[in-house]
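The values are calculated or read from the model by the stated rules, or taken from the named source; none is laboratory data. Predicted model, so just to flag it, every value in this text is computed and none were measured. A quick note on method: Cβ atoms are made from the backbone with ideal geometry, for glycine too, and the neighbour counts reach across all protein chains shown. All accessible areas refer to the heavy atoms of the entire protein, side chains included, with ligands and DNA or RNA removed. Shrake-Rupley method; radii C 1.70, N 1.55, O 1.52, S 1.80 Å.
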Amino acid sequence: MHFFPEEASTFARHVDGLYLFLILVTAFFSLLIGTLVVAFAIRFHRKSENEVAQDVHESGVLEIVWTVIPFGLTMVMFFWGASVYFRITRPPGTALDIYVTAKQWMWKLQHTDGHREMNELHIPIGQPVRLTMASEDVIHSFYVPAFRFKRDVVPGRFSVAWFEATKPGKYHLFCAEYCGTRHSNMIGWVYAMTPADYQAWLAGGAPGETLAASGAKRFVENACNTCHGDQPGARGPSLTGLFGRRVQLASGQTIVADESYIRESIVNPQAKLVAGYPPIMPTFQGLISEEGLLQLVAYVKSLSPAPAAGAAAPAPVPAPTPERKASRP
Ligand code: CUA
């Protein structure tokens, strides 16, 4: 159907179905009401100069009908929309992790194996892809119309979202949030490839060190290891096996250690203090770039063995060794 852009993700069909329904309902009632306005204006117009208007008594049946039908229609829209929304917002457990940094005016994309791209993203089809996105400056929005995928990238936090491409091809990537002078140039391409082509793409080109290995370097650069180094009597909690686990906080609450929690604990360590540890960690706000934060998060993730719910695919090297993972499933 050329009415909508190409459908190239698992969401596309569902989004378009809902959208088509909304359009049909809107078109039906616009036509019905428009036609009745004209018809009634002709049928009931004043026929003589001194015609007296008649009283009209309301019809209970009519009132009920035009209340119940729109109520039913809006409820269909609500539940249908909610089910599509849940499908889109819940990342599946196993997904290919991609780390995105947005800045005026470009997209920087990092693969866990160390491949980096600028305004271009290569992904396999038939596999969920999970984006963890951060902005260096203002609000941007990662938008791939063919995937019906759009998610704001807001400074000061991570936006996590996912999609699964279904058709090989080259698709437009836009920034869909006005972000300054060259906003309209903040565009790129997503290359959806068959798994075999994707493996070939991964194999070509020097990937550099893995994202987790870059994170491990930053971990040492910022002296995080002096307190979180797993040594006996360490001043900070161990990070081994932390990702995806429930953490007991000093406030009495518990929280699941996800990407956003790890990020917050770096830039605002006192916000969610782990039970049993003093509030001595300094903030690293402004000292580590968003890209660096993403690398640190990838490193902490790599310290957890099995992919917990919502976690990454293969855990890369746990120590700062520069070797590279051979392949991924
Ligand atoms: Cu970035 Cu508009």
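Quick notes on this structure:
- Region 10-38: number of residues that are among the aromatic types (F, W, Y) and open to solvent by 60 Å² or more (accessible area, probe 1.4 Å): 3
Yes/no per residue for (1) touching a residue at least 60 places away in the same chain (Cβ under 8 Å); (2) assigned to a helix (DSSP H, G or I); (3) not aliphatic (A, V, I, L, M):
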{"residue": "T67", "(1), (2), (3)": "no, yes, yes"}
{"residue": "T74", "(1), (2), (3)": "no, yes, yes"}
{"residue": "W80", "(1), (2), (3)": "yes, yes, yes"}
{"residue": "P92", "(1), (2), (3)": "yes, no, yes"}
{"residue": "W107", "(1), (2), (3)": "yes, no, yes"}
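- Tally, over region 290-313, of residues that are open to solvent by 50 Å² or more (accessible area, probe 1.4 Å) and either farther than 23 Å from I255 by Cα or at pLDDT 80 or above (or both): 0
- The one condition in (1) away from the ligand (no atom under 16 Å from the Cβ); (2) under 20 Å from F158 (Cβ atoms) that V65 fails to fulfil: (2)
- There is at least one residue in region 268-284 that is buried (at least 17 other Cβ atoms within 10 Å of the Cβ) and at pLDDT below 80.
- One residue from E63, E7, E49, E58 being without any contact (Cβ under 8 Å) to a residue 40 or more places away in the chain and open to solvent by less than 90 Å² (accessible area, probe 1.4 Å): E63
- Cβ-Cβ under 6 Å pairs, at least 6 apart or on other chains, region 168-187 side at positive phi, far side near the ligand (Cβ under 8 Å from one of its atoms) and in a loop (DSSP other than H, G, I, E, B): G180/Q104
- Complete set of residues in region 253-267 that are open to solvent by less than 50 Å² (accessible area, probe 1.4 Å) and part of a loop (DSSP other than H, G, I, E, B): A257
- Note on region 73-128: among residues that are of a type in the set (S, T, Y), away from the ligand (no atom under 16 Å from the Cβ) and surrounded by 20 or more Cβ atoms within 10 Å (Cβ to Cβ), the one that is farthest from M186 (Cα to Cα) is T112.
- Within region 132-147, the set of residues being within 12 Å of the chain's Cα centre (by Cα) and away from the ligand (no atom under 15 Å from the Cβ) comprises just one member, T132.
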